[in-house]
Amino acid sequence: MRKDKFEDFDFIDFNESRSEESTVMADMIGVLAHHRKWFILSVAVCLLVGFISVRSTPKTFSRTATILVKDEQGGGNMGESAAFRDVFSLGNSKVDNEMGFFKSKRLMMEVTRQLRLDVSYKERNGLRKRELYNSTPFTVVFQDAEPGQEISLTATAIDGNRALLSDFVLDENDFDEVVTVQMGDTTDTPVGKVVVASTLFMNEEYMGKPVYVKKGNRKNVSDNYNANLQVEVVDKSSLINLTIEDENIGRAEDVLNTLIEAYKNDAIEDKNKVVINTANFIKDRLTIIEADLGVIDTEIEDYKRENKLTDVTSESALLLQNSSRLGGESLSIENEVVMAEYIKDYLQDNSKTSELIPSSIGINDNGIQNQINEYNTTLTKKNKLMANSSANNPIVREMNASLVSMRASISKAVDNLVAGLKMQVRNMKRKELENMNRKAFVPTQQKYVISIERQQKIKEELYLYLLNKKEESELQLSITESNCRIVDPADGPDLPVSPRKAQVLLICILLGFTIPALWLYIRSLLNTTVQTKRDLKAGVSVPFLGEIPLKKGKREKDIVVKEGSREYICEAFKILRDNLDFMDTEKKAGGKVVQVTSFNPDSGKTFIVANLAMSMALSNAKVIVLDLDLRKGSLTKNSGIGTKEKGMSAYLSGKV
């Protein structure tokens, strides 16, 4: 039997201090080589586990979309329509703020709802399950399910018109019932009413093949996608990269593209709030003015019919011309008074404190217009902040206080404007009265008609002005653009980003070497036995005579030393015999006495004595072997003498 050349390297003494590092490294390599089978087995097992892990882990793909945010500081520019700047002002958004909006839970929840991301369809593909998404052979609609419920089932197509539903699970409650449904029909199941509808992907391949359908908690699904979404700025520019990883390429692209569209629609809707409030205000005013014009027209018609009045005669042309001039000036001022009072009533209406104040509707005071624009901007920012916060937010409370102060300031300014305009109106009225007194010869009826017609012209001019503003507002709604522009839609490599086979392979190989190495290290630290001659030399100072290799399968009575044998175990006994001879430096007359003993039984004493004696005998020496084991007597039994013969015990007791 051939001896393993690394057999002596069963342990490493990590506590031994050595001057030569190369010796320690050699010992370590020897130990690794001695236990190479364990390392090979460990690496093989780890590689098998890694292979199973790679084959069972779903493939994940990465998709990235790039957009340009129109930011005045980052390079983007939010253009305005110059023809409608008096309606409202569009503000620019900063890139950092828009990144926060893309991570908004509200937007991702809208994407989850539109794409029905809370419902997944998977099929078995080897050890892993493959996400079908839009390529599913049929769709399942849970009519009674709440957004927060979790439902799963297994659907198997029997033919093109029927499907078998089984393995129902509703909020961790399992149901063993099996239900056969018709495609397109509503069917009662243990999880509620379900509608299964076939798609264009239904074919013979899916007949009898189970499809695993799972409806998750919509909020949890949305939060998972939101956490998986990465939003990054490209090199301090106005470009933003949106990246997401998903098991299905099409679903990842749809999530990013739908998220961008949801963001654009939200931005447009936010910008249109001022326009919508202005349009609603104008619509209310037009309704009131239409009613007033109808009353005035009826009054003029009735009065002229009763008094049989006609147009103004040529004799009063000069007076009428003067009255027209004064009336024009009065008309402009009264028009402004009416609009100022409208704004005043709007500000005093407590039910509209949370709404935007209409701007640019006929008030020519630039100070008031600037205050209204500043108020609307602050209110819009507060509403955005409230969407992701609460009323107890310190910033929200500070903005509320600022809005109250600004609204009071605007109200006071409007009051001052109304007072000033009314003073101008009184002056114009006084001038008109003087002119009317000079027209005393004009019939009273004619003066009454002129007064009514003047009121009619005021209403008509105000009506036309508001009607024009209404058209401008509706046109502005159709041309409002978003804060961003798509540079690159969702796209990416066709190779999966995980599982990474090379990385898993490297980890498995390292782990395969680490586990047995760690076991050997711990085993060496806990080792307190003598394993090699180096351990013996380090522990005692007695001379070292030799070492006998352990030959497995041999018994104590076996004599392995034979004449002419060149086996390594025979050579070991010869070395031991020669070393004993070399120790006898004085060459004393008479025989040498060699005692073989141990602390523990079954340590190989009988085997050593028998074969050492045979080795000495083969060198033409006379050898006497004494069995001093008074209890067991293994040497005596193995030699065939028997325990009944007189031996050492009889000699010590004086019987011999």
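Before moving on, here are some points about what is shown:
- With θ taken as phi - 60° and the Karplus curve 6.51 cos²θ - 1.76 cosθ + 1.60 applied, the whole-hertz 3J(HN,Hα) list for the stretch 244-253 is 8, 10, 8, 6, 10, 5, x, 5, 4, 5 Hz, x standing for glycine and proline.
- Legend: P(r) of the stretch 154-201 from all alpha carbon pair distances, 5 Å bins from 0, whole percents, reading 5, 22, 32, 22, 12, 6, 1.
- Extent along the principal axes, Cα only, for the stretch 153-241: 58, 32, 20 Å, with the longest axis given first.
- Amide H partners (placed H, <5 Å) of C484, local residues excluded: K70
- Among the listed pairs K219/K382; K283/K412; K70/K271; K537/K592, those beyond 22 Å (Cα-Cα): K219/K382; K283/K412; K537/K592
- Environment charge of V540, counting only residues whose C-beta is closer than 14 Å and scoring Lys/Arg +1, Asp/Glu -1: +2
- Contour excess over end-to-end distance, with Cα ends at V593 and T154 and 0.36 nm allotted per residue: 149.5 nm
- Pairs spanning more than 29 Å between alpha-carbon atoms, out of K431/K457; K344/K384; K431/K459; K214/K273: K214/K273.
- Taking amide H positions as modeled 1.01 Å from N, with prolines and chain starts lacking one, the residues under 5 Å from M183 and 5 or more places away or on another chain are R162, A163.
- Carbon + sulfur, % of accessible area of the stretch 150-205 - ligands and nucleic acids excluded, 1.4 Å: 44 percent
- Taking the average, over residues, of other Cβ atoms within 10 Å as the packing measure, peptides 285-296, 258-269 rank 258-269, 285-296 from highest down.
- Packing around the peptides 242-253, 338-349, taken as the average count of other Cβ atoms within 10 Å per residue, puts them in this order, highest first: 242-253, 338-349.
- Each residue of the stretch 366-381 was assigned a 3J(HN,Hα) from its phi angle through the Karplus expression (A = 6.51, B = -1.76, C = 1.60, θ = phi - 60°), giving 5, x, 5, 4, 5, 5, 5, 4, 5, 4, 4, 4, 5, 5, 5, 4 Hz with x at Gly and Pro.
- Solvent-accessible surface of protein heavy atoms, probed at 1.4 angstrom with all chains present, puts D96, D171 in the order D96, D171, largest first.
- Solvent-accessible surface ranking, highest first, for K431, K105 at 1.4 angstrom: K105, K431
- Per-residue HN-Hα couplings for the stretch 610-615 [Karplus 6.51, -1.76, 1.60; θ = phi - 60°; Hz; x = Gly/Pro]: 5, 6, 5, 5, 5, 5
- Three-way shape label, the stretch 332-381, alpha-carbon gyration tensor, a/c 1.5: oblate
The values are calculated or read from the model by the stated rules, or taken from the named source; none is laboratory data. This one's a predicted model, so the numbers in the text were calculated from it and none came from an experiment. Positions of Cβ are generated from backbone atoms using ideal geometry, with glycine treated the same way; all protein chains shown enter the neighbour counts. For accessibility, only protein heavy atoms count, side chains too; no ligands or nucleic acids. Shrake-Rupley method; radii C 1.70, N 1.55, O 1.52, S 1.80 Å.
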